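One structure below.
The values are calculated or read from the model by the stated rules, or taken from the named source; none is laboratory data. Quick caveat, the model's predicted, so the values are computed rather than measured. No Cβ is skipped: glycine too gets one built from the backbone with ideal geometry, and neighbour counts run over all protein chains shown. To get the accessible areas, we keep the full protein, side chains included, count just its heavy atoms, and leave off ligands, DNA and RNA. Shrake-Rupley method; radii C 1.70, N 1.55, O 1.52, S 1.80 Å.
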Amino acid sequence: MQSPHNNKISRLVIAGGGTAGWITAAVMAKTLGDTVDITLVESDAIPTVGVGEATIPPLINLHGVLGIDENEFVARTQATFKLGIAFENWRVPGEKYFHSFGFAGQDCWACGFQHFWLAGKQQGVAKEYERYCPETRAAAEGRFSAKALNYAYHLDAGLYARFLREFAEKLGVTRVEGKIQHVDLQPDTGHIRSLQLEKGTEVEGDFFVDCTGFRGLLIEKTLRSGFEDWSHWLPCDSAFAVQSASVGKIVPFTRSIAHASGWQWRIPLQHRRGNGLVFSRDFISDDAARALLVDNVEGELLAEPRQLHFRAGVRRRQWLKNCVAIGLSSGFLEPLESTSIHLIQRSAIRLAQLFPVHGVHECEADEFNAQAYNDYEKIRDFIILHYKVTDRTDSEFWRYCRSMSIPESLERRIALFRRTGKIFKEPSELFSEESWRQVMMGQGIEPESYHPIVDTMPGENLKHFLSSLEQDTVRKVQSLPDHETYIAQHCAAEK
Ligand SMILES: Cc1cc2nc3c(=O)[nH]c(=O)nc-3n(C[C@H](O)[C@H](O)[C@H](O)COP(=O)(O)OP(=O)(O)OC[C@H]3O[C@@H](n4cnc5c(N)ncnc54)[C@H](O)[C@@H]3O)c2cc1C
């Protein structure tokens with residue numbers, strides 16, 4: 001893969017202008033400044049995927065790196081704040097739990113808070129686990145403050161791409177409108193030489209980023225990277241998405257509502273609500289899925305439901321020759337836990353860190369590919385957990401999920417937690433131990449034992465410890481403003 005001339009990379013071309021294209025453009029422009037010319041090619045005739053409206057907390061770091069003002073961003077993208085996800089009907093119909101971005105109680109050096117909670121539960125002195133987490137309580141009470149809580153955003157994907165475009169263009173990124181008809185390769189190396197546009201223009205580059213979405217026009221259609229299919233673990237392959245008018249209060253969380261075959265999202269924005277149903281066509285027909293969504297949308301539909309198809313899995317090599325895939329072109333897990341924009345952010349920053357200024361070398365590509373694959377793999381396990389660990393047996397879909405085989409890495413984690421209440425995360429992993437324990441317990445795993453250090457604490461002390469933690473949580477949350485009031489005071493969008 002060594003570049004034949006070891007040429008300096010001075011022309012970076014990004015193909016595609018969805019969330020992936022414009023995040024990549026913004027990050028690269030901010031990092032590389034004038035040392036590289038950046039051109040982004042997008043076609044007005046090919047729409048972006050148009051979904052992807054729930055995010056997770058690390059996006060705040062990306063905005064920090066870029067120097068984006070939070071209140072301006074929220075107002076411009078009709079955003080609201082997200083404290084986590086309410087999972088309804090996932091373990092059994094009629095039950096719900098909350099996966100928050102916060103932390104419950106207090107860990108000690110030897111073990112996590114869940115061990116104290118488990119002992120407290122056995123002794124009858126612990127309340128529900130969620131009552132010890134400020135973010136979960138604030139979500140239930142509709143309160144929010146950016147100063148006091150861990151949070152992310154719900155945003156309008158179209159407005160976000162426009163916002164980032166303006167940001168990137170100010171930093172010198174050139175936008176070229178046009179449909180890419182052909183990708184031209186260098187005959188000797190097989191590296192990409194240029195993009196040929198339908199209108200006759202040719203866009204030459206030294207290095208290319210494929211942000212063309214599921215098409216993977218450069219990385220797959222041209223360079224044939226290959227795809228590792230994970231759909232046997234994540235069987236959902238379709239979604240209907242539709243926007244509706246807002247009804248009731250704007251809550252600071254996403255709702256994820258499981259149905260007999262799949263699940264539905266509700267994402268509150270300032271000006272509307274985003275809805276979707278994620279399902280597998282092996283278990284429910286398109287017509288039935290569409291009807292299920294429409295029947296379960298509150299408020300007037302603002303458009304016809306749109307269908308999207310996908311396959312869970314990852315591109316075998318996300319960096320191949322002089323091309324890196326970022327966004328849906330690099331792979332997709334599924335929308336549960338809203339991790340796709342995060343993977344874009346990770347890859348854009350990774351590319352900025354590994355950017356091959358003096359020519360493409362295999363070692364940089366190998367490092368990029370190993371890190372990117374690891375990101376996908378770890379998130380994959382966390383998402384599979386939601387499907388696998390359930391008590392639902394009311395449909396073919398859930399019976400399949402309960403009985404399917406799962407990756408050995410996940411099997412090990414579940415077994416350890418079930419037996420001992422212990423959970424460990426690798427340093428580069430996205431989801432914290434707290435996320436794992438919230439979802440494992442929410443989905444119905446009850447650890448059989450807890451760490452013995454808890455028994456060194458006399459019973460009265462444990463009771464006092466738990467009740468003071470709960471009181472602290474109540475006090476903290478009661479001091480916070482209402483979510484809608486917070487938005488109105490700091491970052492309301494123009495009507
Ligand atoms: C059902 C569903 C729900 C999702 N929900 C979430 C969520 O809640 N949170 C989250 O983080 N992510 C979510 N995602 C993922 C998220 O939508 C994407 O990661 C994000 O929108 C980035 O998409 P993209 O930019 O890679 O591709 P796209 O949005 O498809 O953009 C592709 C771009 O390439 C251009 N293009 C394509 N072909 C050509 C061509 N031949 N010539 C010129 N230009 C071309 C298009 O014009 C467009 O600009 C969801 C995805 C799906 C399918």
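What pairs from Lys249/Lys422; Lys221/Lys425; Lys82/Lys388 go past 28 Å between their alpha carbons?
Long pairs (Cα-Cα over 28 Å): Lys249/Lys422; Lys221/Lys425.
Among the aspartates and glutamates, which fall within straight-line cross-link reach of Lys321, defined as a Cα-Cα distance under 13 Å, with same-chain neighbours fewer than 8 residues apart omitted?
Asp188, Asp206, Asp210, Glu220, Glu362, Glu364, Asp366
Can you pull the Rg over Rh of segment 146-203, Cα-only, Kirkwood?
1.23
Let me check I have the definition right: for the chain, take the eigenvalues of the Cα gyration tensor, multiply each by 5, take square roots. What are those semi-axes in whole Å, largest first?
40, 25, 23
Quick one: which residues, 5+ away or cross-chain, put their amide H under 5 Å from the amide H of Gly331? H built at 1.01 Å from N.
Here the answer is Arg315, since their amide H atoms fall under 5 Å of that of Gly331.
Roughly how many Å² is the accessible area per residue of segment 128-246, as a whole number, for a 1.4 Å probe?
41 Å²
Using Cα pairs closer than 8 Å and at least 6 residues apart in sequence, work out the relative contact order for segment 189-231, in percent.
Over segment 189-231, the number comes to 22 percent.
In segment 397-444, what is the volume of the convex hull around the alpha carbon atoms, normalised per residue and reported in Å³?
Cα-based convex hull of segment 397-444, divided per residue, equals 95 Å³.
Please figure out what share of the DSSP beta bridges in the chain is antiparallel and state it in percent, rounded to the nearest 5.
Here the share of antiparallel DSSP bridges comes out near 70 percent.
Can you tell me the relative contact order of segment 162-271? Whole percent, Cα pairs under 8 Å, sequence separation 6 or more.
12 percent
What trypsin sites (Lys or Arg not before Pro) does segment 109-150 have in DSSP loop regions with at most 10 other beta carbons within 10 Å?
Lys147
State the volume of the convex hull built on the alpha-carbon positions of segment 238-309, expressed per residue in Å³ and rounded to an integer.
78 Å³
What is the Cα centroid distance between segment 393-414 and segment 68-115, reported in whole angstrom?
The two parts, judged by their Cα centres, are 24 Å apart.
Place a +1 charge on the Cβ of each Lys and Arg in the chain and a -1 charge on the Cβ of each Asp and Glu, then give the dipole magnitude about the Cα centre in debye, rounded to the nearest 20.
Here the chain has a charge dipole of around 460 debye.
Per the 1.4 Å probe, what fraction of the accessible area of the chain, in percent, lies on carbon and sulfur atoms?
So the carbon and sulfur contribution to the accessible surface is 49 percent.
Can you tell me what share of the DSSP beta bridges in segment 238-309 is antiparallel? A percent to the nearest 5 is fine.
Around 100 percent antiparallel, to the nearest 5.
Could you sort 361-373, 15-27, 77-89 so that the peptide with the highest average Cβ count within 10 Å comes first and the rest follow in order?
15-27, 77-89, 361-373
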